[in-house]
Amino acid sequence: MTAAHIPTPPALVIFDVDYTLLRPGTRFEAEGYRALGHEFGLDLDPGRWDAAERAVYAAMLERRELLGTLHDEGVYEIVATTIIEELGGGDPEVVTAAARAQLAEWWNVEHFTLYDDVLPCLQRLHDAGLALALLSNTSRDLDAVAAHFGLGAFVDLAVASSVVGHCKPAPEIFAALLAEASVAADEAVMVGDNLEDDVRGAIAAGCHGVLLDRRGRWDVPLPTIRGLDELPALLGLLG
């Protein structure tokens, strides 16, 4: 756990959703895409998954350069299409149909579970009197997501990019949440798995950022935790 100066405790802790609180199911991993390919007559190779992840990152950067931080419904299909093409692809019309089928499943919360460390962490922060919020680049109804996973008792507010019109790391989406929470930026901490969108976006907006690096991929001079079980101590909640 890497520490840095952050308010202990903060007035507000903001959480990213996908890959921070919610674990996507196996349908969205390499073997899940191979099964999707079989459904559509595509021979997809899960061994090319690393290349597919790199291609998705490049495609999203290109999309961001085109549209900036505007909320972008089209990016979701681009992600699925890019993965399918990098795993082997096939007839373009079939690839498009498979990508749209995968996208439809992405919006189904039944394909997601909470990481094991989520509820204990939120309970600890809630018991300490901290205000908690969700902030996500998504078109989902975050209040419905919170209710489905039993987070409603802990989460005070939730803001989605589809409502604000801007995605993280845009300062507009952070400002919208802070205004709704009536909290100053330097009293808020953002916790998320995306270094650019969650952490550096929060810092640029005047907040503090904590990187959740579950896979140990990053070595950056920023507050970093490997699991949410480390967060309470980082925020000064001991014992």
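The values are calculated or read from the model by the stated rules, or taken from the named source; none is laboratory data. As the structure is a computational prediction, the values presented were derived from the model and not from experiment. All Cβ positions, glycine included, derive from the backbone under ideal geometry; neighbour counts span all protein chains shown.
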Could you give me the residue pairs with C-beta distances under 8 Å whose first residue belongs to the stretch 40-56 and is assigned by TED's automatic domain parsing to the domain that holds Ala99 and in contact (Cβ under 8 Å) with a residue 24 or more places away in the chain, whose second residue is in a loop (DSSP other than H, G, I, E, B) and β-branched (Val, Ile, Thr) wherever it lies, and which are 6+ apart or on separate chains?
none
The lone exception for Ala35 - which of (1) modelled with pLDDT of 95 or more; (2) in a helix (DSSP H, G or I); (3) surrounded by 15 or more Cβ atoms within 10 Å (Cβ to Cβ) it fails
(3)
Only one of Ser136, Ser182, Ser161 is more than 30 Å from Leu238 (Cβ to Cβ) and either of a type in the set (Ser, Thr, Tyr) or touching a residue at least 40 places away in the same chain (Cβ under 8 Å) (or both), namely Ser161
Cβ-Cβ under 6 Å, sequence separation 6+ or interchain: first residue in the stretch 108-132 and modelled with pLDDT of 95 or more and among the acidic types (Asp, Glu), partner part of a loop (DSSP other than H, G, I, E, B) and surrounded by fewer than 16 Cβ atoms within 10 Å (Cβ to Cβ). Which pairs?
Asp117/Gly227
Give the residues of the stretch 50-72 that are farther than 17 Å from Asp197 by Cα and crowded, with 18+ Cβ neighbours inside 10 Å, sorted by residue number.
Ala52
Might you let me know whether the stretch 145-161 holds any residue that is surrounded by fewer than 20 Cβ atoms within 10 Å (Cβ to Cβ) and among the polar types (S, T, N, Q)?
no
Residue list for the stretch 185-210, filter: at positive phi and either touching a residue at least 40 places away in the same chain (Cβ under 8 Å) or in contact with a strand residue (DSSP E or B) (Cβ under 8 Å, 6 or more places away or on another chain) (or both):
none
Return a yes/no flag: does the stretch 144-165 have any residue that is over 23 Å from Val109 (Cα atoms) and small (Gly, Ala, Ser).
no
So Val94, is it closer than 30 Å to Ala147 by Cβ, of a type in the set (Val, Ile, Thr) and surrounded by fewer than 17 Cβ atoms within 10 Å (Cβ to Cβ)
no
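When you scan the stretch 20-27, do you find a residue that is among the β-branched types (Val, Ile, Thr), touching a Phe, Trp or Tyr at 6+ places or on another chain (Cβ under 6 Å), at pLDDT 95 or above and part of a helix (DSSP H, G or I), even just one? Reasoning before the result, please.
The initial filter retains those residues of the stretch 20-27 that are among the β-branched types (Val, Ile, Thr), namely 20, 26.
The next check asks that each one be touching a Phe, Trp or Tyr at 6+ places or on another chain (Cβ under 6 Å); those that pass are none.
Checked against the condition, which is being among the β-branched types (Val, Ile, Thr), touching a Phe, Trp or Tyr at 6+ places or on another chain (Cβ under 6 Å), at pLDDT 95 or above and part of a helix (DSSP H, G or I), the stretch 20-27 yields no hits at all.
Would you mind stating whether Ile84 is hydrophobic (A, V, I, L, M, F, W, C) and under 24 Å from Val199 (Cβ atoms)? So that I can check it myself, show each step before the final result.
Working: hydrophobic (A, V, I, L, M, F, W, C): yes; under 24 Å from Val199 (Cβ atoms): no.
For Ile84, the condition - hydrophobic (A, V, I, L, M, F, W, C) and under 24 Å from Val199 (Cβ atoms) - is not met.
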